[in-house]
Amino acid sequence: MSAEAHGAVFHAPRAHQFDTAEQQKDASTLGMWLFLVTEIMFFSGLFCCYLVYRWFYPEAFAAASHHLDVALGGFNTAVLICSSLTMVLAVNASQAGKRRALVAFLILTILLGGVFLGVKAVEWHHKYVDHHIPGPSFHFEGPNARQAQLFFSLYFVMTGLHALHMVIGIGLLTVLTVQARRGKFTPTYNTPVDMCGLYWHFVDLIWIFLFPLLYLIDRHTK
Amino acid sequence: MITAPVTVPEREHYLNASYGLKSWLLTKDHKRIALLYLATITFFFFLGGLFAVMIRLELLTPQGDMVQSETYNKLFTMHGVNMVFFFLLPAIPATLGNFLVPLMIGARDLAFPKLNLASWYIFTIGGLFTLYALLSGGVDTGWTFYTPYSTTYSNSFVIATALGIFIAGFSSILTGLNFIVTIHRMRAPGLTWFRLPLFIWSHYAASLIMVLGTPVIAVTIVLLAAERAFHIGIFDPAIGGDPVLFQHLFWFYSHPAVYIMILPAMAVISELVAASARKRVYGYEFVAYASVAIAVFGFLVWGHHMFVSGQSVYAGLVFSVLSYLVAVPSAVKVFNWTATLHKGSIALETPMLYTFGFIGLFTIGGMTGLFVAALGLDVHVHDTYFVVAHFHYIMVGGTIMAYLGGLHFWWPKITGRMYPEILAKLSALVVFIGFNLTFFPQFILGYLGMPRRYHAYPDEFQVLNVMSTAGASILAVGYLLPMCYFIWSLRYGKIAPDNPWGAVGLEWQTLSPPPVENFDEIPIVTHEAYDYVSLPNGSVTPKKEANVR
């Protein structure tokens, strides 16, 4: 097992433990999907807490939810869906061997991710100004003030962990962009682009669930 | 016992292919990573054992005279945390599993060698966090971290310990993921699912739990730490949060985690039974499916830890029935191992002694599990030493017995040296006697009503407690002995042949110790596992056949 044969999974189409490049790609894909399963279980714990508390305190959740900015949340949803599109186009470009298009779409995806995080930061700042950050300084007008704090606790943990996944995703895409510029990916070897694409879509999908659960409670009543 | 060192004729294998600290710390060889894990978990085992010694010493007398109650709380917490998260969970999968999964399926390595190394580093970093918590003053919540005590009232290092467990959890996830992908994608030609050794089936089932369960405890710990650090109050009853929800989330992982500990132990026992009886495991398919069934049922029984936590009676009923169901696949395994032994030509070497120990003790542990799964009886024995004895029969009598048996069985393959047989048999006996003397009195103590987690107790419990402490000291000798003679054997042990047991697993068809890429030529599998009838000498692939490929 020489160092060069081993340390160069990216350059070499095949690492020593695999018989064929196809077997290697199969293994990577299965590994990535399994990783996404663990991610689903990770967020499931949060969704479970959300379910229980919303079922306990529906009025408090509705009242607290009305303090979220649907316009900004909706805008961010659109941004993320667009970023999934550019990610798909990046994967497609890597399969077609179009290096410049690959780099362009990766950068576009990173930018859209950045816009999402920026808008998210603005929203969090609004919560800070309104004293909606859970803890000793929490303040909420209305009959369900205590339980509303639960809603905001979940809101911050869920959107916070989602944002953390976005930051990790942007980091991965940045590495990919540098590698793509150096011409590392070819139509026969583009597994990392494919895998990061799966991850990016997963993170988007989590938001697709978070947005209605957090922002759109009982909107028809007002 | 000191004799002249036995020298090995020079041949390149995974141990002498390269030298130096760097060649170990940067290795991607699953066999070396297994040994890194072995060293790390042995450290945590003896650390956890040290706390056990202090607990048993305190309980020698009815008065709380050795340590204060606060210190005692920290002792049993650190014992539990060390043993559960840093020894029992990785014990068999990360050492024997890591070493043997690729060998048994005829692969050159796991699917993701770098990830494998990363998982060891992650585990070690998690362990360091917990060590930091320990050295700074410890943690006193019990290994279960129940809220609101852990989030609001405890005045100890909860966050550091919890972070350590959180980090170590990722190593478990990565190991499970690596195993699943490897078993799916890396099997040698001809090795179909129903030709796989049962070791692989059980590790597959355990890996499923690692991958599906561990993320849930991870997010629970995040919530716990966030609540403690930022007072955001997800489980805080003061703002409408529900502490029982924490218990649900905690046990959703921590009950299946029991099966992460016991399934790999069953994996080892299946191999040991077949090799020692020189027979195919009776009802191979049923034992294989039983592993998967245990993994599936294991996810549906967590509520039996909460019979007295204010859970609804109907939920309790359902959880009780489901808990009984887990006994079915477990019993299938025990019966089938016993049936395998029937009319086998049993070799009574050390691994088999541990196997007998496992089958007996696991049966007692499992049967008492049925006691505590019964709603009515559980109210009586809940939070008593009966429960403590029950899970130690599973964890120590089951998992550690199998772990030691497996270490003896595969030691010749791992190191290329034999362990001293007579001494090993003696220490197996010491472990068995010490174990029963330690934990059997605890069943009686619990049934008589001695609660767990107290450092003082009424005088009438003293005799049984003295027995338990005496047993613990015997048990300690039983654990120190193998460590000494294993280290001794590295230099002075007899040179091991490639297949000392005449077993048919693929791992025995390669050299001892194996070459860096495991096999000189990847074997082609033409027989089912444990085919001792058509392969009486334990040789799966004659050399010529292997050349076909």
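Setting aside same-chain residues fewer than 8 positions from A:Lys127, which lysines have a Cα under 25 Å from its Cα?
Partners found: A:Lys222.
Under a 5 Å amide H to amide H cut-off, with H placed in plane at 1.01 Å, what residues pair with B:Thr384 once short-range neighbours are removed?
Close amide H contacts, sequence-distant or interchain: B:Arg452.
Counting other C-beta atoms within 10 Å, and keeping those with at most 16, which DSSP coil GluC sites (Glu not before Pro) do you find in region B:441-528? Mind showing how you got there, number by number?
Working: sites: B:Glu460, B:Glu507, B:Glu517, B:Glu521, B:Glu528; in loops: B:Glu517, B:Glu521, B:Glu528.
Here the GluC sites (Glu not before Pro) that fit, given the DSSP loop and packing criteria, are B:Glu521, B:Glu528.
Kirkwood hydrodynamic radius (Cα pairs, Å) of region B:30-547?
23.4 Å
Can you give the calculated 222 nm mean residue ellipticity of chain A, where each DSSP H run of n ≥ 4 adds -39,500 (n - 2.57) and the sum is split over every residue, rounded to the nearest 500 deg cm²/dmol? Let's see the in-between values first.
On the way: 7 runs with 168 residues, N = 222.
That calculation yields -26500 deg cm²/dmol at 222 nm.
If amide H atoms are built 1.01 Å from N in the plane of the peptide, which residues on other chains or at least 5 residues away come under 5 Å of the amide H of A:Ala15?
For A:Ala15, no residues qualify.
What order do you get for B:266-273, B:491-498 when each peptide is scored by the mean count of other beta carbon atoms within 10 Å, highest first?
So the order, starting with the most tightly packed, is B:266-273, B:491-498.
Roughly how big is region B:385-540's charge dipole about its Cα centre, with Cβ charges of +1 (Lys, Arg) and -1 (Asp, Glu), in debye to the nearest 20?
Numbers: 7 positive and 10 negative charges, 119 e Å.
For this selection, approximately 580 debye.
Relative contact order of region B:30-547, please, whole-number percent, based on alpha carbon pairs below 8 angstrom and at least 6 residues apart.
18 percent
Could you point to the residue in B:Ser69, B:Leu429, B:Tyr259 farthest towards the positive end of region B:30-547's charge dipole, with +1 and -1 charges on the Cβ of Lys/Arg and Asp/Glu respectively?
It is B:Leu429, whose Cα lies furthest towards the positive end.
What ranking do B:Trp143, A:Trp55, B:Trp201 get, fewest neighbouring Cβ atoms within 10 angstrom at the top?
The most exposed by this proxy come first: A:Trp55, B:Trp143, B:Trp201.
State the Cα centre-to-centre distance between region A:175-220 and region B:344-399 in whole Å.
First find each Cα centre; the distance between them is then 47 Å.
Roughly how big is chain A's charge dipole about its Cα centre, with Cβ charges of +1 (Lys, Arg) and -1 (Asp, Glu), in debye to the nearest 20?
Magnitude of the dipole: close to 540 debye.
Enumerate by residue number the GluC sites (Glu not before Pro) in region B:11-71 meeting two conditions: DSSP loop (anything except H, G, I, E, B), and at most 14 other Cβ atoms within 10 Å of the site's Cβ. Write out the running numbers ahead of the final one.
Details: sites: B:Glu12, B:Glu58, B:Glu70; in loops: B:Glu12.
For GluC sites (Glu not before Pro) across region B:11-71 that sit outside H, G, I, E and B with at most 14 neighbouring Cβ atoms in 10 Å, the list reads B:Glu12.
Per DSSP H run of at least 4 residues, take -39500 (n - 2.57); add these up for chain B, divide by its residues and hand me the 222 nm value, nearest 500 deg cm²/dmol. Don't skip to the answer; put the middle values down first.
Working: 17 runs with 340 residues, N = 549.
Helix-only estimate at 222 nm: -21500 deg cm²/dmol.
Using only the Cα atoms, what convex hull volume per residue in Å³ does the protein assembly as shown have?
167 Å³
Apply the Karplus parameterisation 6.51 cos²θ - 1.76 cosθ + 1.60, with θ equal to phi minus 60°, to every residue of region A:176-190 and state each ³J(HN,Hα) to the nearest whole Hz, in sequence, with x for glycine and proline.
4, 4, 4, 5, 5, 4, 7, x, 6, 9, 10, x, 8, 9, 9
What does the extension gain come out to for B:Glu460 and B:His342, with contour length at 0.36 nm per residue minus their alpha carbon separation?
38.0 nm
Taking neighbour counts of Cβ atoms within 10 Å as a proxy for exposure, in what order, fewest first, do B:Ser172, B:Ser136 appear?
B:Ser136, B:Ser172
Positive end of the charge dipole of the protein assembly as shown (Lys, Arg +1 and Asp, Glu -1 on Cβ, about the Cα centre): tell me which of A:Thr177, B:Met483, B:Ile414 has its Cα farthest that way.
The residue sitting most towards the positive pole is A:Thr177.
Using a 7 Å offset from the Cα along the Cα-to-Cβ direction at both B:Tyr19 and B:Ser473, what is the distance between the two label points in nm, to one decimal?
4.4 nm
How large is the charge dipole for the protein assembly as shown, taken about the Cα centre, if only the Cβ atoms of Lys, Arg (+1) and Asp, Glu (-1) carry charge, to the nearest 20 debye?
1680 debye
Picking from A:Leu80, A:Tyr57, A:Ala145, whose Cα lies most toward the positive end of the charge dipole for chain A (charges on Cβ: Lys, Arg +1; Asp, Glu -1)?
A:Leu80
Using R₀ = 45 Å, calculate the FRET efficiency as 1/(1 + (r/R₀)^6) where r is the Cβ-Cβ separation of A:Leu72 and B:Thr152; round to 0.05.
0.85
For chain A, modelled as a Gaussian network with Cα springs under 10 Å, which listed residue fluctuates most, A:His16, A:His66, A:His139?
Sorting by GNM fluctuation, first place goes to A:His16.
What are the extents of the Cα atoms of region B:342-431 along their three principal axes, in Å, largest first?
Taking the Cα atoms of region B:342-431, the three principal extents are 52, 29, 21 Å.
Extending each Cα 7 Å along its Cβ direction at B:Thr71 and A:His125, get the distance between those two points in nm, one decimal.
Inter-label distance under the simple model: 5.4 nm.
Tally Lys and Arg at +1 and Asp and Glu at -1 over the other residues with C-beta under 11 Å from the C-beta of B:Thr71: what net charge comes out?
Residues close to B:Thr71 contribute a combined charge of -2.
Starting with the fewest neighbours, write out B:Tyr14, A:Tyr199 ranked by other beta-carbon atoms found within 10 Å of each beta-carbon.
Going from sparsest to densest Cβ surroundings: A:Tyr199, B:Tyr14.
How about region A:119-186: which chymotrypsin sites (Phe, Trp or Tyr not before Pro) there lie in a loop by DSSP and see at most 15 other Cβ atoms within 10 Å?
Passing sites in region A:119-186 do not exist.
What residues qualify as long-range amide H neighbours of B:Arg417, i.e. H under 5 Å apart, gap of 5 or more or another chain, H built at 1.01 Å from N?
Answer set, sorted by chain and number: B:Ala496.
Label points 7 Å out from Cα along the Cβ direction at B:Arg453 and B:Cys484: separation in nm?
3.8 nm
Using alpha carbons only, how many angstrom separate the centre of region A:95-146 from the centre of region B:238-260?
30 Å
So how far, in whole Å, is the C-alpha centre of region B:455-514 from the one of region B:306-330?
Distance between centres, Cα-based: 35 Å.
Can you give me the relative contact order of chain A as a percent, contacts being Cα pairs under 8 Å and 6 or more apart?
30 percent
Using θ = phi - 60° and the Karplus curve 6.51 cos²θ - 1.76 cosθ + 1.60, what whole-Hz ³J(HN,Hα) does each residue of region B:194-199 get, with Gly and Pro shown as x?
Going residue by residue, I get 8, 9, 5, x, 5, 3 Hz, with x marking Gly and Pro.
Every number here is computed from the coordinates shown, using simple stated rules; none is lab data. Just so we're clear, the structure is a prediction, and the values are computed from it rather than from any experiment. As a convention, Cβ positions derive from the backbone with ideal geometry for all residues, glycine included, and neighbour counts pool all protein chains shown.
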